[in-house]
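> This is the structure I have questions about; it appears just below.
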Amino acid sequence: MIDSYPPKKAPDYKLKVVVAGSGGVGKTTIVHRFLSGQFLQFSMTIGVSFQTHTIELGDKTVKLIIWDLGGQERFRQMTVFESYCKGAHGGVLALDLTDALRTLQDLNNWLKIVRSGSPDAPLILIGTKADLMTDNVEVHKDLIDQFLQENSISGFFETSSLTGQNVQETFKFLVEQVLKRSGVDDSPETAI
């Protein structure tokens, strides 16, 4: 019998998080960067994939179960996505900063899917591919601000899976929002 030292500590919380947005915005590369700290280009996610990752947040250990929803139109027609979102504690909606207008408009559909499964879960909006921003790319910050306000989105981060900009911060902020909204911030012995 092989013993592992030190013994693994059970997480204080297990949180289901969904990541949604149009195809090609970089959801999977952001998730991979969060999990591994490395940049790796991915091809299209077929349907849904999920990964787990444990983080330390202060004195709390949080295990995230991250569901990455394929963004291609043909997968979105599957009403099964709503069932994947059911019971999610939080969500990350992604738009491509280099094509912000189109991908932001598309987020209304993703918002409906995520909220149909988890109407009260806090959501974070990320703008991906911040490393590709140039002076001639229009970000549409006014439309992003309007989307945040109209849909009660908890925060917005410009991210880059290439450089790692705001990737860790996004997921940590989301976990903080989930714990605050769940009322478990002051009593860590409460499991979600």
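> Do the conditions hold for residue 159, that is, is it polar (S, T, N, Q), within 16 Å of residue 64 (Cα to Cα) and in contact (Cβ under 8 Å) with a residue 12 or more places away in the chain?
no
> Within region 96-103, can one find any residue that is modelled with pLDDT of 90 or more, hydrophobic (A, V, I, L, M, F, W, C), touching a Gly at 6+ places or on another chain (Cβ under 6 Å) and buried (at least 19 other Cβ atoms within 10 Å of the Cβ)?
Scanning region 96-103 turns up at least one residue that is modelled with pLDDT of 90 or more, hydrophobic (A, V, I, L, M, F, W, C), touching a Gly at 6+ places or on another chain (Cβ under 6 Å) and buried (at least 19 other Cβ atoms within 10 Å of the Cβ).
> Take the residues of region 125-154 that are acidic (Asp, Glu) and part of a helix (DSSP H, G or I): which is surrounded by the fewest Cβ atoms within 10 Å (Cβ to Cβ)?
The qualifying residue surrounded by the fewest Cβ atoms within 10 Å (Cβ to Cβ) is 142.
The values are calculated or read from the model by the stated rules, or taken from the named source; none is laboratory data. All values reported here derive from a predicted model rather than from experimental measurement. Here Cβ is always computed from backbone atoms with ideal geometry, including for glycine, and neighbour counts include all displayed protein chains.
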